[in-house]
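Participant: Below are the C-alpha cells for one structure; questions will follow.
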Amino acid sequence: MSERIQSYLADGLWLPEGPVAMPDGTLLVVEVLGGRLTRIAPDGTKTTVAELGGGPNGAAIGPDGRCYVCNNGGFQHMVLPDGVLLPMEAPLDTPPGSIQVVDLGSGAFETLYEHSEATPFWGPNDIVFDEAGGFWFTDFGRDRGRSRMRGALYYARADGSEIREVVAPLDGPNGVGLSPDGKTLYVALTFEGHLIGFHLSAPGVIDLSASHMPNGSFIVGRAGPGMYLDSLAVDSAGHICCASPGVGAVLVFPPEGGTPQMVAIPDFLTTNVAFGGPDRRTAYVTMGSSGRVAVIDWDVPGLKLAFT
C-alpha cells in the first residue's frame, strides 16, 4: 500500500476509538478510558460533547442525526512510565455495558439498550447502521477473573423497539462493517485474528443457506503472527480495513478473501479507522496507547456510511 501517515490530528486522548468523520470537517471520537465523546476540529482543538461514563468503545451516526455509542461498561488501566496507556481487565463489580444515544447539539444522552432477551451486555464494542435504519453491533464479552463471558452479534432498531441476538456465542467479536452493496456483513474476531463474513438476505437477517457453518459465517481472511483484530472500516472498493493491535497496523483485506496488505502504524494498540475529507480519501486512524489520531492519504475513497 502507498499510504503513509501525513500528520497527527490530535493527541492527549485517553484511548481513542470509534472515529466518525463529520460533514463539517470535524472528527468525533470516543475516549474509552476517559468515558467521554469528544469532537476534534480540523486544527486539532478538542471539545467534550458528552461525559458518558463507563467505557465508550464505538460510535456511529443514526437516522435521527444523533450519535449512537457502544459503551463497554469500563476498564481498569495503567499508565506506563513513558506515558503509554494500557487497558486492563474490568473490575468484577463493573456494571453491564449499554447502547447510548447522544444529541450532538446539547450533549444530552440516554440509554437505549442494556440487554437483550438472552443476556445483559458484557462489552458492546463496534456499531454500523444499514440503509434501513437498523444497526448491527458487537458485544466483545468480558474477562472475569479466570472466566470469560463470551460475546455476540446483535441487530437493533434505532427507535428502541427491537433488539435481537443474531449470532452467539462469539469469542471477542470486535469490528463490524457492511460491504458497499450492503449484502455482506463483516465481523473481526480479536483473539482468533479471523475476519469473518455473513451474507445477508434482508436487513438484520443472515442467509444461513449461503454457508456450511451453522451460524452462516465464512472466513474472509486471517491476521498474521502476533496480530489481533480490532475495529474496522470499509472503503469504496470493498476492501475491509481492520485495525490490528499487537504489532500496530491497519490490515487491508480484499473483499474476495485472502491475505491482507499491511499499513504500519507506530502504536501497538491501533484501534480503529474512519474515512473523511471532501472526497473521503483521508483515513483517520485512532492510536490507543499513545492517545493520538493519525491522518493518512488513502488510495481510494472510503465507503459513504448510511447517515453520516
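The values are calculated or read from the model by the stated rules, or taken from the named source; none is laboratory data. Predicted model, so just to flag it, every value in this text is computed and none were measured. As a convention, Cβ positions derive from the backbone with ideal geometry for all residues, glycine included, and neighbour counts pool all protein chains shown.
Participant: Consider Glu192 carefully, then state whether it is of a type outside the set (A, V, I, L, M, F, W, C) and under 17 Å from Pro214 (Cα atoms).
Facilitator: No.
Participant: If I go through the stretch 79-125 residue by residue, how many of them are among the hydrophobic types (A, V, I, L, M, F, W, C) and at pLDDT below 90?
Facilitator: Residues that pass the stated criteria total 9.
Participant: Name the residues in the stretch 38-86 that are free of Cβ contacts under 8 Å to residues at least 12 places away in the same chain, in a strand (DSSP E or B) and not hydrophobic (A, V, I, L, M, F, W, C), would you?
Facilitator: Thr47
Participant: A follow-up question, please. Looking only at the stretch 196-216, how many residues end up being in contact (Cβ under 8 Å) with a residue 24 or more places away in the chain, closer than 15 Å to Trp136 by Cα and surrounded by 18 or more Cβ atoms within 10 Å (Cβ to Cβ)?
Facilitator: Total meeting the criteria: 4.
Participant: Now, a different point. Being out of contact with any Lys or Arg (no Cβ under 9 Å at 6 or more places or on another chain) and closer than 21 Å to Ile127 by Cα: is that true of Gly83 here?
Facilitator: Taking the combined requirement at face value, the residue does not satisfy it.
Participant: Something else now. Is there any pair with a first residue in the stretch 267-291 that is touching a residue at least 40 places away in the same chain (Cβ under 8 Å) and surrounded by 24 or more Cβ atoms within 10 Å (Cβ to Cβ) and a second that is of a type in the set (Phe, Trp, Tyr) and part of a loop (DSSP other than H, G, I, E, B) whose Cβ atoms are under 6 Å apart and which are 6 or more apart or on different chains, and what are they?
Facilitator: Ala283/Trp298
Participant: Here is a further query. List every residue pair whose Cβ atoms lie under 6 Å apart, where the two residues are 6 or more positions apart in sequence or sit on different chains, the first residue falls within the stretch 92-107 and is within 19 Å of Gly134 (Cβ to Cβ), and the second residue, located anywhere, is aromatic (Phe, Trp, Tyr) and in a strand (DSSP E or B).
Facilitator: From the stretch 92-107, the pairs are Ile99/Tyr113; Gln100/Phe109; Val101/Tyr68; Val102/Phe109.
One line per residue, one yes/no per condition, for (1) free of Cβ contacts under 8 Å to residues at least 60 places away in the same chain; (2) closer than 30 Å to Arg292 by Cα; (3) crowded, with 22+ Cβ neighbours inside 10 Å; (4) more than 16 Å from the chain's Cα centre (by Cα):
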residue	(1), (2), (3), (4)
Met88	yes, yes, no, yes
Leu112	yes, yes, no, yes
Glu117	yes, no, no, yes
Pro120	yes, no, no, yes
Ala168	yes, no, no, yes
Pro173	yes, yes, yes, no
Tyr186	yes, yes, yes, no
